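This report refers to the structure that appears directly beneath it.
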Amino acid sequence: MTLWHQVLDYLSVNGEDVRSAVLQHLYLALVPVVVAFVLSLPLGWAVVSYGWVRHPLLTLTSVVYTIPSLALLLLLPGLLGTSILDPFNVLVALTVYSLALLVRSTADGLAAIDASVVQAATAMGYRPLRRWFAVDLPLSLPVVLAGLRVAVVSNVSMVSIAALVGIGGLGQLFTRGFQLGFYMPPILIGLVLSVAIALVLDALVVIAQRFVTPWARVAAR
Amino acid sequence: MVIRFESTTKQYPDGTVAVDALDLTVPSGAITVFVGPSGCGKTTSLRMINRMIDPTSGRVLIDDVDVASERPARLRRRIGYVIQHAGLFPHRTVVDNVATVPVLSGTPRKEARTRAYELLERVGLTAAMGDRYPAQLSGGQQQRVGVARALAADPPVLLMDEPFSAVDPVVRHDLQAELLRLQGELGKTIVLVTHDIDEAIVLGDHVAVFAEGGRLAQFAPPEELLASPADAFVAGFVGRDRGYRGLSFATAADLPVEPVTAEGTVVEGLALVLDDGRPTGWRDPDGRLLPTEGTHTADDSLRVVADLALLSPAGAAIRVDAAGRAVGLVRQTTVADVVRQRQRSRLAVGAVGGSAG
Ligand SMILES: Nc1ncnc2c1ncn2[C@@H]1O[C@H](COP(=O)(O)OP(=O)(O)OP(=O)(O)O)[C@@H](O)[C@H]1O
Ligand SMILES: [Mg+2]
């Protein structure tokens with residue numbers, strides 16, 4: 001039997017498992033990005049607005065990034081009081097990583113705004129909060145969304161690690177392949193699907209980016 | 001809308017006194033220009049009007065109401081604001097940029113846009129440009145959008161901080177002419193900041209010259225500034241040629257004009273050549289035709305006439321009527337006489353009043 005037939009065979013027998021692994025993978029990868037994105041907006045704002053927040057917060061984000069993901073997954077149950085098999089650990093771990101990344105890009109995005117444009121908005125009679133949503137945030141989006149692309153793609157790849165601590169997602173297909181003595185079909189299926197998910201999600205962010213920042217492409221021309 | 005500074009002082013936290021006890025009344029419905037060297041507190045003074053900066057002591061009043069008693073956002077929506085490089089919102093189309101303040105004040109978006117398209121045409125752009133983003137316009141066009149945006153809510157007061165200093169001289173001249181045309185229609189109370197004394201003299205109904213350390217050195221109409229600078233600083237700042245530039249404010253209409261005769265006019269050996277009454281040049285004794293170097297009408301300034309008299313090969317500026325037909329000549333000597341008379345009578349008035357200006 002060729003490898004191709006083995007793959008088809010595997011899918012016909014375990015199709016349902018693969019499908020739920022894909023859904024689980026998407027869930028574990030995307031929920032943290034959404035949560036981190038929402039949290040990164042006030043934090044990024046604090047970094048650019050208050051000088052004293054900047055250094056500690058940005059240092060913290062760098063430190064977080066140096067913690068190995070496996071170590072974090074093993075540590076979190078102790079900190080959160082969850083069981084080691086609870087997917088919540090993965091959600092928290094990936095939220096922390098995504099947040100570390102997105103706080104930086106939000107702060108960079110906000111810092112890169114032309115100050116005279118913000119001043120003009122204030123001089124026109126915007127109150128601070130409305131101005132932030134109407135002017136500051138949209139103008140920071142090109143940089144913020146670039147950070148979001150990185151966060152989405154890196155989350156998709158990091159979710160696979162979760163299988164090592166027994167949590168679902170496409171990583172399970174790798175562990176299954178190992179357990180079966182380097183049986184290729186599940187490994188290959190897991191690999192192809194996680195690359196495909198990363199590519200598709202990345203493309204979706206790019207499309208969203210074009211949709212919400214049409215002016216940025218005009219300016220680049 | 002009269003804007004009054006009452007011993008207004010601004011000291012920044014680092015100790016810099018940007019504006020020092022400024023007393024100044026900006027008259028209603030006219031263009032007042034703040035001019036002076038870099039760092040003398042022009043921008044700071046301007047921004048104390050719309051509370052972008054609050055004074056450390058003293059007050060700023062608009063129509064006798066202290067601006068400090070007003071809510072900043074509400075106050076600012078009644079005061080148009082234009083800055084260098086326009087400060088347009090890059091993420092909004094031109095028409096939405098213009099509609100900003102009306103939308104902020106609660107005008108329905110559709111209505112605000114309709115009016116914004118009209119305003120674009122009013123400042124010399126096309127409605128089609130309204131659908132572009134600011135990055136798709138030239139610097140001069142962006143500046144026009146900046147003016148349209150400031151005018152959109154029809155504010156009685158307009159503040160302009162070096163609005164035309166980032167564009168090339170030709171465009172700047174167009175924009176200045178456009179502002180004067182608009183102001184002729186609108187009659188706003190405009191405060192304009194510039195460091196270009198020539199711009200101040202062209203645009204200002206009144207000019208406030210600021211000196212280092214936020215001191216007001218002189219506040220006067222431009223012709224007075226040129227004719228009688230208050231001190232050495234102002235004289236130095238106003239620069240050379242002030243006698244010559246002062247002629248911009250005198251009309252040519254009062255000049256004595258020598259008539260052009262039907263049988264031919266000869267000046268300094270040169271004969272004026274006319275074609276159906278229109279001057280085409282000066283013929284010299286050897287039969288060569290020399291150019292006229294231009295003509296003037298009774299509506300031009302004394303400066304134009306003086307310039308033409310200097311350029312003319314015959315030493316005489318040619319006066320024409322609306323149809324371009326020569327009606328007379330003004331010789332260099334005549335111009336010089338008139339200028340001397342003007343200067344004598346002005347200095348005599350100053351001496352009688354006992355005031356140095
Ligand atoms: N935020 C600030 N903190 C401290 N000093 C300031 C601040 N803003 C302005 N200054 C100082 O106040 C003085 C006046 O500044 P201002 O911007 O009003 O000058 P200006 O006349 O507009 O100059 P320019 O023609 O260069 O724009 C300058 O010495 C400047 O360095
Ligand atoms: Mg300034």
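The values are calculated or read from the model by the stated rules, or taken from the named source; none is laboratory data. Being a predicted model, the structure only gives us computed values, none of them experimental. Virtual Cβ from ideal backbone geometry, glycine too; neighbours counted across all protein chains shown.
Determine whether segment A:112-131 contains at least one residue that is of a type in the set (Val, Ile, Thr) and closer than 26 Å to A:Val205 by Cα.
The answer is yes, given that some residue of segment A:112-131 is of a type in the set (Val, Ile, Thr) and closer than 26 Å to A:Val205 by Cα.
Away from ligand 1 (no atom under 16 Å from the Cβ), in contact with a Phe, Trp or Tyr (Cβ under 9 Å, 6 or more places away or on another chain) and among the hydroxyl-bearing types (Ser, Thr, Tyr): is that true of B:Tyr117 in this structure?
no
If you go through segment B:253-270, how many residues are buried (at least 16 other Cβ atoms within 10 Å of the Cβ) and either more than 37 Å from the chain's Cα centre (by Cα) or not assigned by TED's automatic domain parsing to the domain that holds B:Ala326 (or both)?
So the count comes out to 3.
Out of B:Glu224, B:Glu212, report the one residue that is away from ligand 1 (no atom under 16 Å from the Cβ), more than 26 Å from B:Ser105 (Cβ to Cβ) and charged (D, E, K, R).
B:Glu224
Would segment A:143-154 turn up any residue that is under 30 Å from B:Arg76 (Cβ atoms), more than 9 Å from chain B (Cβ to nearest Cβ) and touching a helix residue (DSSP H, G or I) at 6+ places or on another chain (Cβ under 8 Å)?
Yes, there is a match, as at least one residue in segment A:143-154 is under 30 Å from B:Arg76 (Cβ atoms), more than 9 Å from chain B (Cβ to nearest Cβ) and touching a helix residue (DSSP H, G or I) at 6+ places or on another chain (Cβ under 8 Å).
For (1) closer than 24 Å to B:Leu75 by Cα; (2) touching a residue at least 12 places away in the same chain (Cβ under 8 Å); (3) small (Gly, Ala, Ser); (4) assigned to a helix (DSSP H, G or I), each residue gets a yes or a no:
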residue	(1), (2), (3), (4)
A:Tyr65	no, yes, no, yes
A:Thr82	no, no, no, no
A:Thr95	no, yes, no, yes
A:Leu101	no, yes, no, yes
A:Arg104	no, yes, no, yes
A:Ser116	yes, no, yes, yes
A:Gly125	yes, no, yes, no
A:Leu137	no, yes, no, yes
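Among the numbered criteria (1) more than 16 Å from ligand 1 (Cβ to nearest atom); (2) buried (at least 18 other Cβ atoms within 10 Å of the Cβ), which one does B:Tyr81 miss?
(1)
Which residue out of B:Thr189, B:Thr251, B:Thr261, B:Thr194 is without any contact (Cβ under 8 Å) to a residue 12 or more places away in the chain and polar (S, T, N, Q)?
Only one candidate passes the filter, namely B:Thr261.
Report, by residue number, each residue of segment B:163-200 that is within 13 Å of ligand 2 (Cβ to nearest atom) and closer than 19 Å to B:Phe219 by Cα.
Hits for segment B:163-200 are B:Val191, B:Leu192, B:Val193, B:Thr194, B:His195, B:Asp196.
Going through segment A:112-141 one residue at a time, which ones are at the interface with chain B (Cβ under 9 Å from one of its Cβ atoms) and of a type in the set (D, E, K, R)?
Within segment A:112-141, A:Asp114, A:Arg127, A:Arg130 qualify.
Given the structure, is B:Leu46 within 14 Å of chain A (Cβ to nearest Cβ) and either free of Cβ contacts under 8 Å to residues at least 40 places away in the same chain or within 24 Å of the chain's Cα centre (by Cα) (or both)?
Yes: the conditions hold for B:Leu46.
Taking the conditions exactly as written (of a type in the set (A, V, I, L, M, F, W, C) and crowded, with 18+ Cβ neighbours inside 10 Å), does B:Leu308 satisfy them or not?
yes
For segment B:24-37, name all the residues that are within 16 Å of ligand 1 (Cβ to nearest atom) and in a strand (DSSP E or B).
Within segment B:24-37, B:Leu24, B:Thr32, B:Val33, B:Phe34, B:Val35 qualify.
What helices (runs of 4 or more DSSP H) lie completely within segment B:56-162 and have 2 or more residues being more than 9 Å from chain A (Cβ to nearest Cβ)?
B:94-98, B:100-104, B:109-122, B:139-151
Quick one: count up the residues across segment B:207-240 that are within 21 Å of B:Gln343 (Cα to Cα) and of a type outside the set (Val, Ile, Thr).
Looking only at that region, the number is 20.
Restricting the search to segment B:10-23, which residues are within 12 Å of ligand 1 (Cβ to nearest atom) and at negative phi?
Matches in segment B:10-23: B:Lys10, B:Gln11, B:Tyr12, B:Pro13, B:Asp14, B:Thr16, B:Val17, B:Ala18, B:Val19, B:Asp20, B:Leu22.
Can you tell me which of (1) under 27 Å from the mean Cα position of the chain (by Cα); (2) crowded, with 17+ Cβ neighbours inside 10 Å; (3) more than 16 Å from ligand 1 (Cβ to nearest atom) is the one B:Cys40 doesn't meet?
(3)
From B:Gln142, B:Gln136, grab the single residue that is among the polar types (S, T, N, Q), more than 16 Å from ligand 1 (Cβ to nearest atom) and touching a His at 6+ places or on another chain (Cβ under 9 Å).
Going through B:Gln142, B:Gln136 in turn, the sole match is B:Gln142.
If you take the residues in segment B:25-37 that are crowded, with 18+ Cβ neighbours inside 10 Å and of a type outside the set (Gly, Ala, Ser), which one is nearest to ligand 2 (Cβ to nearest atom)?
My answer is B:Phe34.
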